[in-house]
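S.K.: First the structure, which I've put down as structure tokens, then a few questions once you've had a look.
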Amino acid sequence: MEPRIRMAHLLRRAGFGPAPGEVEARLNEGFEQTVHLLLEPGGVSDGLGEIDRQIGGLLDFNNIEDVRTWWIYRMIHSQCPLIEKMTFLWHGHFATAISKVGNPYLMYLQNQLFRERGLGSFGDLLQRVARDPAMLVWLDGSANRKAHPNENFAREVMELFTIGRGQYKEADVQEAARAFSGWNLRDDSFFFNASEHDVGPKTFLGHEGNLDGSDVLNILAEHPATAERVTSKLFSFFVYENPEPPTLAPFVQAWRSTRGNIREVLRAMFLSPVFSSERAFRAQVKSPAEFVIGAIRSLGGTITPRQVVSLMARMGQDLFNPPSVKGWDGGKAWISTSTLFERLNFAASITTARGPKGTSHIEPERVFEGVTPTTPRQIVDLAVGHLLDGVLSEPTRQALVAYVETPDPQRMKELGGKSPSITSDTRTMDEKLRGLIHLILSTPDFQLS
Amino acid sequence: MGITRRRFLGSSGATLVALGGSGLLPRMAAALGAEDTGGPASGRSLVVIQLAGGNDGLNTVVPYADPHYPKLRPTVALSESELLKLDERLGLHAALAPFRERFAQGTLAVVGGVGYPNPDRSHFLSTAVWQTARLDPYREPTGWLGRAIDFQPDPRHPREPAALEALGIGGGGLTPALYAPRTPVPSLLSLDAFSVQPDRRYPADAGALRTALGAMYGENGEPAGAGFVRQVGRSALRSSDELRAAVAGYSSMVTYPKSGLSDQLRLIAQLLTAKVGTRIFHVTLGGFDTHANQKPQQRNLLAQLAEGVSAFLEDLKAHGLDERVAVLTYSEFGRRVQENASAGTDHGAASSLFVVGAKVAGGLYGPAPDLSKLEGGDVPFAVDFRSVYASVLRDWFKIPAERILGPNFAGLQLFRA
């Protein structure tokens, strides 16, 4: 990959895509330094503290729509995009849905947990997720009593969050459920109810003793199958799906040598040649969040994020409401005829929406990056350069050029039968540039990351 | 001008990807067509209407003769002038007058006391129970209608799904009732949402936009690449054009009332008359969560339901399709018998539902509620909702219900042979 494409690729995968001018700015820092900065923002503020203060009074975190709006705002505007991307990844991994939790504030708290701990030790994150109030409601932890152990969390923590099916037996589920008995909620907070905790001896995955929930989670976090399974999930999310074991091996090794430090596993991934390989480029279908947020960011958009919530739900991703504890299926499942039409409709609405006095929700001319184009071909090339790294097949490009060159019949009539000149007729430039962006966001290529 | 199923498929080409398809494989376009398979349920369709929010079954099918009814509901109870008697114990809400007529004609089944064991009062969980037909709905996120769509009578000779095997109508994504493990089911808010949208300021540019989209997605054979997204996109553009053509060919003498539900039912009638092969439709009418000031709200909603469904069935009759369509309503739960302090009712348990259509075996099913015998303030369930589903699957679609629902839901027979 040439440096500019490689940087844009990194910003799409480790964030929600570049904003206008961001690729050049980051190139000045260099690829490696950008990776380090994404992983360790340290001194960099996410730039949202003041926003949080200002909108604090406008939003009600007891309302899930407000919590969604707040998160989408962060995805669009955060100066620490990888933090939000990890929050997004863990939301899909430890998939918890408002449909059952019922309490939006608990969903917000879980989201903050992913934000604050999502790049640290997996074992630490797992311990906190197991005590997270939304999770305790979601997987019936609060119904887990000594006399009637509830196996819901015990099963899913193994099947979905750590070691995966085939690594445990039903007896392990029952023993783990006993270990988690008494992990309850009180006043919407984690509460260890000692009188409901089973203190008897247990045998779990070959370990014996008076194991409690923490012990079970430690055993799972240290389990070799967890290293492989979660590393594979990270690779599939950030690089490409279904990696071969030898490709994955160095990253599993990074996990082992750091005892599951997510930051170090990702550093190894981003800096590896495979991350920047041809196979990785546009190897993934963008999730609705990546598609929508990426489009808004690339166009310097100020579209009201509130609208975006329902648009994304119609594309199949209702944030804070995954369809099951398995999360979203993702990949090719994102694209169906109806969800693809929703993407096309979004492309139409973001390019045509109007604010007061004709102000725009996006700035179409940002795609020119300061250059003044003189021909339809140059208009298309600049826009494709900005939105698609300049990588688009020639036939598709020609279809776009033909669109820009096709005169609007209404405008021709107004001009007494003469074809309008796109470079001198500002109305035609506005029409065709918005239409062109609508089309580029609708290309098959833009659906891929 | 009607468009036939053959024309729909023929003009789409033999490699039409199922509408809503994930596009993983081009399907053979259901070349024979669901309509022409010749099976016992050939050409039959089901329209499922969700009454979201928890419809008050007791004020829908009213036990007016039970002395506890007015006592427990001093403000919410319906007076005799507000209902239409079905027999000496039960009456329909007066807003359901069109349903009362169909009851007299023997084409409306009223099923009372429908619910499930250990009912949950959460909207979300109980809705999930009804939509998955599982009492532990989060274990298996597939819908009962989705599983029915996927059902293969003979796995050795898999039946190819039709282009529009099932369709969810409404915003907010596909209803979980239609989640199918194998068959992709589309949902659409309206035909407009399933069409290319031009800029409102430049409507004359629509043709150029559509041409460019077609070229980008390779409608003319070029260009290749970007694999399956392109394939799905081609199918989407083509299906959109075909659907619009199908709808353009529809005409009707029936006037539908003005309501969102009626608009959706008319769209279904348009698709049915165009014979695109859709077997299952799901629509939602919301607003039944009547915690406060219940009477005017519920009256309005039930009127929308009965008038909309009635117009829809009249329309189908005029097109000679009334014997091929059945309508089923459901709601996640009924409401508490004792009214609350806000002239409303809170979440309850068992409720009542309707099955209506020319081939429905009309009448009353399930025992009349006995308000002297409540469980936790609720009417206990007498009919498991899955036995209603079982009758729909077995008697209407002629597929073995136990393969979709599990065994033990026999008992109801809601359709005439």
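S.K.: What order do you get for A:PHE16, B:PHE288 when you list them from fewest to most C-beta neighbours inside 10 Å?
M.R.: Working: A:PHE16 31, B:PHE288 25.
By the 10 Å Cβ count, ascending, the order reads B:PHE288, A:PHE16.
S.K.: Using only the Cα atoms, what convex hull volume per residue in Å³ does chain A have?
M.R.: Details: hull volume 69.3 nm³, N = 449.
Hull volume normalised by residue count: 154 Å³.
S.K.: Sum -39500 (n - 2.57) across every DSSP H segment of at least 4 residues in chain A, then divide by the residue count to get the 222 nm mean residue ellipticity, nearest 500. Let's see the in-between values first.
M.R.: Values: 23 runs with 243 residues, N = 449.
That calculation yields -16000 deg cm²/dmol at 222 nm.
S.K.: Considering only Cα-Cα distances, which of the following residue pairs are longer than 18 Å: A:LYS100/A:LYS233; B:LYS317/B:LYS398; B:LYS85/B:LYS258; A:LYS169/A:LYS202; A:LYS85/A:LYS286?
M.R.: From A:LYS100/A:LYS233; B:LYS317/B:LYS398; B:LYS85/B:LYS258; A:LYS169/A:LYS202; A:LYS85/A:LYS286, over 18 Å: A:LYS100/A:LYS233; B:LYS317/B:LYS398; B:LYS85/B:LYS258.
S.K.: Ratio of segment A:364-447's C-alpha Rg to 2.2 N^0.38 Å, to two decimals?
M.R.: Numbers: Rg = 12.7 Å, N = 84, 2.2 N^0.38 = 11.8 Å.
In units of the 2.2 N^0.38 Å rule of thumb, it is 1.08.
S.K.: Let a ≥ b ≥ c be the square roots of the eigenvalues of the Cα gyration tensor of the protein assembly as shown; is it rounded (a/c under 1.5), or, if not, prolate (a/b larger than b/c) or oblate?
M.R.: Working: a/c = 1.81, a/b = 1.17, b/c = 1.55.
Because a/c hits 1.5 or more and a/b fails to exceed b/c, the protein assembly as shown counts as oblate.
S.K.: Taking only Cα atoms, what is the 0 to 90° angle, nearest 10, from helix B:123-132's long axis to the longest principal axis of chain B?
M.R.: On a 0 to 90 degree scale, this one is about 60.
S.K.: Between B:PHE415 and residues 5 or more places away or on another chain, which pairs have amide H atoms under 5 Å apart, with H built 1.01 Å from N, and which residues are they?
M.R.: The list, which skips near neighbours in sequence, is B:ALA361.
S.K.: Now for a different question. If you put +1 on each Lys and Arg Cβ and -1 on each Asp and Glu Cβ, how big is the dipole of segment A:364-447 around its Cα centre, in Debye rounded to 20? Spell out each step's value before the answer.
M.R.: Working: 9 positive and 12 negative charges, 55 e Å.
In total the dipole reaches around 260 debye.
S.K.: Give me, ordered by chain and number, the residues 5 or more places off B:ARG335 or on other chains with an amide H under 5 Å from its own placed amide H.
M.R.: Under 5 Å from the amide H of B:ARG335: B:GLY57, B:LEU58, B:GLY348, B:ALA349.
S.K.: Here is a follow-up. Return a whole-number percent for the relative contact order of segment A:156-284, with Cα pairs under 8 Å and 6 or more residues apart as the contact set. Don't skip to the end; give the middle numbers.
M.R.: Values: 129 pairs, mean separation 24.2, N = 129.
Once normalised by length, the contact order is 19 percent.
S.K.: Here is a further query. What does the C-alpha gyration tensor say about the overall shape of segment A:105-228? Classify as rounded when a/c is under 1.5, otherwise prolate if a/b is larger than b/c, or oblate.
M.R.: Since a/c reaches 1.5 but b/c is at least a/b, the shape of segment A:105-228 is classed as oblate.
S.K.: Would you mind working out the magnitude of the charge dipole of the protein assembly as shown relative to its Cα centre, with +1 at each Lys and Arg C-beta and -1 at each Asp and Glu C-beta, to the nearest 20 Debye?
M.R.: Numbers: 90 positive and 92 negative charges, 314 e Å.
I would put it at about 1500 debye.
S.K.: Which order do the peptides B:107-113, B:273-279, A:120-126 come out in when sorted by mean C-beta neighbours inside 10 angstrom, highest first? Intermediate values should be presented prior to the final figure.
M.R.: On the way: B:107-113: 24.3, B:273-279: 22.6, A:120-126: 19.7.
Output ranking for B:107-113, B:273-279, A:120-126: B:107-113, B:273-279, A:120-126.
S.K.: On alpha-carbon atoms, Rg over Rh for chain B using Kirkwood Rh?
M.R.: Across chain B, the Cα-based Rg/Rh ratio is 1.00.
S.K.: Under 1.5 on a/c is rounded, so check that first for segment A:165-242, then, if it is not, pick prolate when a/b is larger than b/c and oblate when it is not; a ≥ b ≥ c are the square roots of the alpha carbon gyration tensor eigenvalues. All intermediate terms of the calculation are to be shown ahead of the outcome.
M.R.: Numbers: a/c = 3.11, a/b = 1.62, b/c = 1.91.
Cα axes put segment A:165-242 in the oblate bin.
S.K.: Could I ask something else about it? Add +1 for every Lys or Arg and -1 for every Asp or Glu among the other residues with Cβ under 13 Å from the Cβ of A:GLY330, and state the total.
M.R.: Details: positive: A:LYS233, A:LYS286, A:LYS326, A:LYS332; negative: A:GLU241, A:GLU290, A:ASP329.
So the environment of A:GLY330 carries a net charge of +1.
S.K.: Further question on the same structure: Hey, fewest Cβ within 10 Å first, where do A:ILE362, B:ILE404 land in order?
M.R.: Arranged by neighbour count, lowest to highest, A:ILE362, B:ILE404 become A:ILE362, B:ILE404.
S.K.: OK, next. Pop out the Kirkwood hydrodynamic radius of segment A:258-416 from its pairwise C-alpha distances, inverse of mean 1/r, in Å to one decimal. Please report the intermediate quantities before stating the final value.
M.R.: Values: mean 1/r = 0.0531 Å⁻¹.
Evaluated on segment A:258-416, it is 18.8 Å.
S.K.: Identify the residues of segment B:271-301 with backbone N under 11 Å of a label point that sits 7 angstrom from the Cα of B:THR75 along the Cα-to-Cβ direction, or state none.
M.R.: B:292-295
S.K.: Using alpha carbon centroids, what distance separates segment B:296-329 and segment A:26-44, in Å?
M.R.: About 62 Å separates the Cα centre of segment B:296-329 from the one of segment A:26-44.
Rule-based calculations on the coordinates, nothing more; no lab input. On a predicted model such as this, the values are computed, not experimentally measured, just so you know. Cβ coordinates were reconstructed from backbone atoms using ideal geometry, including for glycine residues, and neighbour counts include every protein chain displayed.
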